[in-house]
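Taken together, the values in this text are just the output of simple stated rules run on the coordinates, not laboratory data. Owing to the predicted nature of the structure, the values given are computational and were not obtained by experimental measurement. All Cβ positions, glycine included, derive from the backbone under ideal geometry; neighbour counts span all protein chains shown.
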Amino acid sequence: MTAHATEPSPLVPRMPERNPKALREAIARHAPQLLPDFDEHWKRAIADTFDIGPLPAFLARWWVEYSIARDPELDAHVRDLHSRAAETADYTEAKALLEEVSKIRYSARDLEPGQ
């Protein structure tokens, strides 16, 4: 399923420019469910502190969150993996499910604007 994160269907919005303003606009348009958390994180980590030091980590986190949320099929798959991992009593199965989530997230972080 990791190929899904790097090769979205034509119906999946393209990744925005890699800056806070473009990312926020893309989230507002295509994944508005993320907007309250994005704004709260921005306020807490950047705006209220007047410190841009955390900006790379902030962008990295929300880049991946948006990358997954913009694709409803991928988002549902990731949620299903998390749910199945939380419900299983089998450590090996839970680990494998979470490793798949990790691979998806890792692939998503390397997406470029326009992909």
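Looking at the range 30-41, is at least one residue part of a loop (DSSP other than H, G, I, E, B), in contact with a Lys or Arg (Cβ under 6 Å, 6 or more places away or on another chain) and in contact (Cβ under 8 Å) with a residue 24 or more places away in the chain? Checking the range 30-41: at least one residue is part of a loop (DSSP other than H, G, I, E, B), in contact with a Lys or Arg (Cβ under 6 Å, 6 or more places away or on another chain) and in contact (Cβ under 8 Å) with a residue 24 or more places away in the chain.
Within the range 18-36, count every residue that is surrounded by fewer than 13 Cβ atoms within 10 Å (Cβ to Cβ) and under 14 Å from Ile68 (Cα atoms). Of the residues in that region, 2 qualify. Within the range 48-100, take every residue that is among the hydroxyl-bearing types (Ser, Thr, Tyr) and in a helix (DSSP H, G or I) and give me the one that is nearest to Leu35 (Cα to Cα). Here the answer is Tyr66. Taking the criterion of being under 14 Å from Lys21 (Cα atoms) and touching a helix residue (DSSP H, G or I) at 6+ places or on another chain (Cβ under 6 Å), the residues of the range 32-55 that qualify are Leu35, Phe38. One residue stands out among those in the range 95-115 that are of a type in the set (Asp, Glu) and more than 16 Å from His77 (Cα to Cα): the one that is nearest to the chain's Cα centre (by Cα), which is Asp110.
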